[in-house]
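J.: Mind looking over this structure? Questions follow.
The values are calculated or read from the model by the stated rules, or taken from the named source; none is laboratory data. No experiment lies behind these values; they were computed from the predicted model shown. No Cβ is skipped: glycine too gets one built from the backbone with ideal geometry, and neighbour counts run over all protein chains shown.
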Amino acid sequence: MDAYLSRNADGTVSLDETAARQAGYSSDSISTVEDNLTGMNDMVADGAVSDDAFVVTMSVKTARDGGQSKVVRYWWGLVEVYLSSSEARQVADVYDNLSTAASILSKILKKYSLAAQAASIVYAVSAYQFRKAASGNRGIVITMSPNVDTGLYTYWVISQ
């Protein structure tokens, strides 16, 4: 469907729904992409940068932390959340109490308009996986991959 996307002068990304429909894409597929583009364009309005591959990146400067703090969002729905080492440790240190871990992660993700995903991430990723990825002075990458059929995400965590 990327053939029907365009990047506007203000950095937002648009879908030519009519052309996509004529090419045979379903209303559900078009709606899913439109929903993701809305989130991406909200990020652009908040200062994120888009590129010609229709990827939007928002970075937050961190002081002396290992790893980066940013989010990368792709037009088809994949989201990569990079947490710096101190952000990752904040969550890892309290992971035995899932509601506390979800609350802390929600506060971190709020700056990327992804706070609603925090509980799903905490419940889908084991404490062991999260702590292993966050070990040392490295940040982590939380990847959220959408399932178009169910509307749910698959989550995994790796070290930066």
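J.: Give the residue that is modelled with the lowest pLDDT, with candidates limited to residues of segment 105-150 that are part of a helix (DSSP H, G or I) and hydroxyl-bearing (S, T, Y).
T.: My answer is Y112.
J.: Using the structure shown, decide if Y153 is surrounded by fewer than 15 Cβ atoms within 10 Å (Cβ to Cβ) and at pLDDT below 90.
T.: no
J.: Answer yes or no as to whether V94 is within 23 Å of S120 (Cβ to Cβ), in a loop (DSSP other than H, G, I, E, B), touching a Ser or Thr at 6+ places or on another chain (Cβ under 7 Å) and of a type in the set (V, I, T).
T.: Considered against the rule, which asks whether it is within 23 Å of S120 (Cβ to Cβ), in a loop (DSSP other than H, G, I, E, B), touching a Ser or Thr at 6+ places or on another chain (Cβ under 7 Å) and of a type in the set (V, I, T), V94 comes out as yes.
J.: The conditions are (1) of a type in the set (D, E, K, R); (2) over 14 Å from W156 (Cβ atoms); (3) more than 14 Å from the chain's Cα centre (by Cα), and K132 fails exactly one of them. Which is it?
T.: (2)
J.: Can you name every residue in segment 139-148 that is in contact with a helix residue (DSSP H, G or I) (Cβ under 7 Å, 6 or more places away or on another chain), more than 10 Å from L83 (Cβ to Cβ) and buried (at least 17 other Cβ atoms within 10 Å of the Cβ)?
T.: M144
J.: Same structure, new question: Specify which of the listed residues (T32, T12) is farther than 20 Å from T143 by Cα and surrounded by 13 or more Cβ atoms within 10 Å (Cβ to Cβ).
T.: Testing whether each residue is farther than 20 Å from T143 by Cα and surrounded by 13 or more Cβ atoms within 10 Å (Cβ to Cβ) leaves just T12.
J.: For the condition touching a residue at least 12 places away in the same chain (Cβ under 8 Å), farther than 30 Å from S6 by Cβ and in a loop (DSSP other than H, G, I, E, B), what is the one hit in G77, G66?
T.: Just one listed residue meets the conditions, G66.
J.: Within the set of pairs 6 or more residues apart or between chains, which connect a residue that is over 14 Å from V79 (Cα atoms) inside segment 105-127 to a residue that is in a loop (DSSP other than H, G, I, E, B) with Cβ atoms less than 8 Å apart?
T.: V122/Y95; A127/Y95; A127/D96
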